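*Asks:* If you scroll down you'll find the structure; I have some questions about it.
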Amino acid sequence: MAYYRSAGSVPPKRHTQHRDEEGNLRYEELMGEEGFTSDSSLLYHRHLPSALVDVRTWDLPDQALVPNHPLLPRHLATHALFADPPEPADAVTGRRLLLGNADVRLGYVVASVTSPYYRNGIGDECLYVEDGRGRVETVFGDLDAGPGDYVVVPRATTYRVVPEGPMRIYAIEANSHIGPPRRYLSRYGQLLEHAPYCERDLRGPEEPRVLEGGDVEVYLKHRGPGPGGIAGTVHVLPHHPFDVVGWDGCLYPYVLNVADFEPITGRVHQPPPVHQVFEGHNFVVCNFVPRKVDYHPLAIPVPYYHSNVDSDEVMFYCGGDYEARRGSGIGQGSISLHPGGHPHGPQPGAYERSIGLEAVDELAVMVDTFRPLDLGEAGLACDDGQYAWSWAGGRRGE
């Protein structure tokens, strides 16, 4: 995100001495993407950021994936994954895998206790808060997070999630970076006038959280020998990772609330790219928000039937009433998976019923992937087994 910020104490010129009041030297760390050729920030530590005193294996939650075969559209009821009230879980070790491929993994958790310090060394993370509130503490500083917030955390950022109560979090884990679509950006990185949000809508850390302490554990997800080429390690640090006294640059975690996304509408139904909010390698993130709908006198406000010939479509329903899915069992916290190669669209009756609507009250987060998605253990556990037959009006074989 090429939008410069500075927080805390930084020297007037980069790569020069930075000392405290007693003359102790601060340790400068460059955190940068794509081998010094993309966005970066400089962080100034009290202690050596590379120091370790111990290491052990972290047995990750189940990362195994199985193909969606035979090919089916599916309905995943995520609220069925956690008891009500939920057992204590945190936003890192309690995260359960719904769907994934070589480019992105989608998980879900109801977090009620503080997570361990954590770092994803594989790619950026985008945490969508469906419900609840908490604080995301990072090496750059704190971010408050609540309903409708996207929290974008760059790769290798050390952070933890501190819930105020149960937080429902939909986790999008990339094997790449996540940022605004390139068509929204100038060649210098500014969000353009036609973009549905701008820099004023982004909330970044204000001041670093400077802590002391020893033998601090940091859970690290990284490339390795486990399922999907993913492994876990716990690093034990001699000093607290949040020892940063200041930082500046264009790489840092930030928050965008879905209510600050300005929908684009037209006389006839607009295609999903107008709803795009972020992109990663081989996937995009869109959000469908409450909005005025198509105003051509003969418009049909719900989506036309379409075949995703190049992508799988995953829709996470997180508020309002999604007109096109009425009558299919879709509700709050539902996920629909529409795989490439199979045409899909509104449920029976929705096409005709939508005519004459002036507005829709819906809230959904969509991830479109350009490689097929496989099913994780949580996806298998909360699949209703009936969604594929809903367009025919019955159960399998009826």
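The values are calculated or read from the model by the stated rules, or taken from the named source; none is laboratory data. The structure displayed is predicted, hence computed values, not measured ones. Note that each Cβ is placed from the backbone with ideal geometry, even for glycine, and that neighbours are counted across all protein chains shown. For the accessible areas, the whole protein counts, side chains as well, though only heavy atoms, and no ligand, DNA or RNA atoms are used. Shrake-Rupley method; radii C 1.70, N 1.55, O 1.52, S 1.80 Å.
*Asks:* Just to be sure, is A7 more than 22 Å from D215 (Cα to Cα), open to solvent by less than 80 Å² (accessible area, probe 1.4 Å), assigned to a loop (DSSP other than H, G, I, E, B) and in contact with a Pro (Cβ under 7 Å, 6 or more places away or on another chain)? Reasoning before the result, please.
*Replies:* Values: more than 22 Å from D215 (Cα to Cα): yes; open to solvent by less than 80 Å² (accessible area, probe 1.4 Å): yes; assigned to a loop (DSSP other than H, G, I, E, B): no; in contact with a Pro (Cβ under 7 Å, 6 or more places away or on another chain): yes.
No: the conditions fail for A7.
*Asks:* For G189, all conditions in the list (1) at pLDDT below 95; (2) buried (at least 23 other Cβ atoms within 10 Å of the Cβ) hold save one; what is the number of the exception?
*Replies:* So the condition that G189 fails would be (2).
*Asks:* Residue by residue through segment 266-303, note down the ones that are within 22 Å of H194 (Cα to Cα) and β-branched (V, I, T).
*Replies:* Of everything in segment 266-303, those that are within 22 Å of H194 (Cα to Cα) and β-branched (V, I, T) turn out to be V268, V274, V277, V284, V285, V289, V293.
*Asks:* Can I ask one more? Could you please give the count of residues in segment 17-41 that are over 14 Å from T157 (Cβ atoms) and assigned to a strand (DSSP E or B)?
*Replies:* Going through segment 17-41, the residues over 14 Å from T157 (Cβ atoms) turn out to be 17-28, 34-38.
Checking which are assigned to a strand (DSSP E or B) leaves us with 19, 25, 27-28.
Selection size over segment 17-41: 4.
*Asks:* Still on this structure, please answer the following. Go through segment 135-162 residue by residue and tally those that are open to solvent by 10 Å² or more (accessible area, probe 1.4 Å) and more than 30 Å from G229 (Cα to Cα).
*Replies:* Of the residues in that region, 4 qualify.
*Asks:* Considering only residues that are touching a helix residue (DSSP H, G or I) at 6+ places or on another chain (Cβ under 8 Å) and under 16 Å from D59 (Cα atoms), look in segment 94-126 and name the one that is surrounded by the most Cβ atoms within 10 Å (Cβ to Cβ).
*Replies:* L97
*Asks:* Given the conditions (1) acidic (D, E); (2) surrounded by 12 or more Cβ atoms within 10 Å (Cβ to Cβ); (3) over 30 Å from R96 (Cα atoms), and given that E33 satisfies all but one, which numbered condition is not satisfied?
*Replies:* (3)
*Asks:* Sort through L97, L52, L72, L60 and tell me the only one that's part of a strand (DSSP E or B) and either of a type in the set (D, E, K, R) or in contact (Cβ under 8 Å) with a residue 12 or more places away in the chain (or both). Before you say what the answer is, go through the steps one by one.
*Replies:* Details: L52 fails: part of a strand (DSSP E or B); L72 fails: part of a strand (DSSP E or B); L60 fails: part of a strand (DSSP E or B).
Unique residue meeting the criteria: L97.
*Asks:* Going through segment 164-185 one residue at a time, which ones are more than 14 Å from the chain's Cα centre (by Cα) and either without any contact (Cβ under 8 Å) to a residue 12 or more places away in the chain or open to solvent by less than 20 Å² (accessible area, probe 1.4 Å) (or both)? Can you show your working first?
*Replies:* Within segment 164-185, the subset more than 14 Å from the chain's Cα centre (by Cα) is 164-167, 181-185.
If the condition is that a residue be more than 14 Å from the chain's Cα centre (by Cα) and either without any contact (Cβ under 8 Å) to a residue 12 or more places away in the chain or open to solvent by less than 20 Å² (accessible area, probe 1.4 Å) (or both), then M167, P181, R183, Y184 are the ones that fit.
*Asks:* Another question, then. If I filter segment 75-94 down to residues being within 21 Å of the chain's Cα centre (by Cα) and part of a loop (DSSP other than H, G, I, E, B), which single residue comes out as farthest from M167 (Cα to Cα)?
*Replies:* Here is the first cut: in segment 75-94, the ones within 21 Å of the chain's Cα centre (by Cα) are 75-82, 89-94.
Then keep just the ones that are part of a loop (DSSP other than H, G, I, E, B); that gives 82, 89-94.
Values: F82: 12, A89: 10, D90: 9, A91: 8, V92: 12, T93: 14, G94: 12 Å.
Among them, the one singled out is T93.
*Asks:* Shifting gears a bit: Restricting attention to segment 192-205, which residues are in contact (Cβ under 8 Å) with a residue 40 or more places away in the chain, farther than 27 Å from Y317 by Cβ and surrounded by fewer than 19 Cβ atoms within 10 Å (Cβ to Cβ)? Break it down into steps so the answer makes sense when it comes.
*Replies:* As a first pass, look at segment 192-205 and keep what is in contact (Cβ under 8 Å) with a residue 40 or more places away in the chain: 196-197, 199, 201-205.
Next cut, farther than 27 Å from Y317 by Cβ only: 199, 204-205.
If the condition is that a residue be in contact (Cβ under 8 Å) with a residue 40 or more places away in the chain, farther than 27 Å from Y317 by Cβ and surrounded by fewer than 19 Cβ atoms within 10 Å (Cβ to Cβ), then E199, G204 are the ones that fit.
*Asks:* Identify, by number, the condition in (1) open to solvent by less than 70 Å² (accessible area, probe 1.4 Å); (2) closer than 22 Å to Y170 by Cβ; (3) at pLDDT below 90; (4) in contact with a strand residue (DSSP E or B) (Cβ under 8 Å, 6 or more places away or on another chain) that A324 doesn't meet.
*Replies:* (4)
*Asks:* Would you check if there is a residue in segment 363-383 being hydrophobic (A, V, I, L, M, F, W, C), assigned to a strand (DSSP E or B) and open to solvent by 10 Å² or more (accessible area, probe 1.4 Å)?
*Replies:* Step one: filter segment 363-383 for residues hydrophobic (A, V, I, L, M, F, W, C), giving 363-367, 370, 373, 375, 378, 380-382.
From what is left, the residues that are assigned to a strand (DSSP E or B) are 363-367, 375.
Imposing the further condition that a residue be open to solvent by 10 Å² or more (accessible area, probe 1.4 Å) reduces the set to 363.
Checking segment 363-383: at least one residue is hydrophobic (A, V, I, L, M, F, W, C), assigned to a strand (DSSP E or B) and open to solvent by 10 Å² or more (accessible area, probe 1.4 Å).
*Asks:* Looking at this structure, is S334 over 16 Å from the mean Cα position of the chain (by Cα) and surrounded by 15 or more Cβ atoms within 10 Å (Cβ to Cβ)? Spell out the reasoning first.
*Replies:* Details: over 16 Å from the mean Cα position of the chain (by Cα): yes; surrounded by 15 or more Cβ atoms within 10 Å (Cβ to Cβ): yes.
Spelling it out, S334 is indeed over 16 Å from the mean Cα position of the chain (by Cα) and surrounded by 15 or more Cβ atoms within 10 Å (Cβ to Cβ).
*Asks:* Quick check: is even one residue across segment 138-148 over 21 Å from L43 (Cα atoms) and of a type in the set (A, V, I, L, M, F, W, C)?
*Replies:* Checked against the condition, which is being over 21 Å from L43 (Cα atoms) and of a type in the set (A, V, I, L, M, F, W, C), segment 138-148 yields at least one hit.
*Asks:* Which residues, counting only those in segment 343-362, are in contact with a Ser or Thr (Cβ under 7 Å, 6 or more places away or on another chain) and either buried (at least 16 other Cβ atoms within 10 Å of the Cβ) or assigned to a helix (DSSP H, G or I) (or both)? If you could, list the steps in order and put the result at the bottom.
*Replies:* Kept after step one, since they are in contact with a Ser or Thr (Cβ under 7 Å, 6 or more places away or on another chain), are these residues of segment 343-362: 343, 347.
Once the filter is applied, which keeps residues that are in contact with a Ser or Thr (Cβ under 7 Å, 6 or more places away or on another chain) and either buried (at least 16 other Cβ atoms within 10 Å of the Cβ) or assigned to a helix (DSSP H, G or I) (or both), segment 343-362 yields only Q347.
*Asks:* Determine, yes or no, whether G132 is touching a helix residue (DSSP H, G or I) at 6+ places or on another chain (Cβ under 9 Å), of a type in the set (G, A, S) and surrounded by 18 or more Cβ atoms within 10 Å (Cβ to Cβ). First the steps, then the outcome.
*Replies:* Details: touching a helix residue (DSSP H, G or I) at 6+ places or on another chain (Cβ under 9 Å): no; of a type in the set (G, A, S): yes; surrounded by 18 or more Cβ atoms within 10 Å (Cβ to Cβ): yes.
No: the conditions fail for G132.
*Asks:* Tell me which residues, restricted to segment 100-136, are without any contact (Cβ under 8 Å) to a residue 40 or more places away in the chain, in a loop (DSSP other than H, G, I, E, B) and out of contact with any Pro (no Cβ under 6 Å at 6 or more places or on another chain).
*Replies:* Hit for segment 100-136 is R133, nothing else.
*Asks:* If you take just the strands (runs of 3 or more DSSP E) that sit entirely in segment 246-309, which of them hold at least 1 residues that are open to solvent by less than 60 Å² (accessible area, probe 1.4 Å), under 30 Å from P11 (Cβ atoms) and not β-branched (V, I, T)? Reasoning before the result, please.
*Replies:* Numbers: elements: 254-257, 276-280, 283-288.
Hits in segment 246-309: 254-257.
*Asks:* Another question, then. If only one of P61, P88 is surrounded by fewer than 18 Cβ atoms within 10 Å (Cβ to Cβ) and touching a Ser or Thr at 6+ places or on another chain (Cβ under 6 Å), which one is it?
*Replies:* On the way: P61 fails: touching a Ser or Thr at 6+ places or on another chain (Cβ under 6 Å).
Criteria check complete, one pass: P88.
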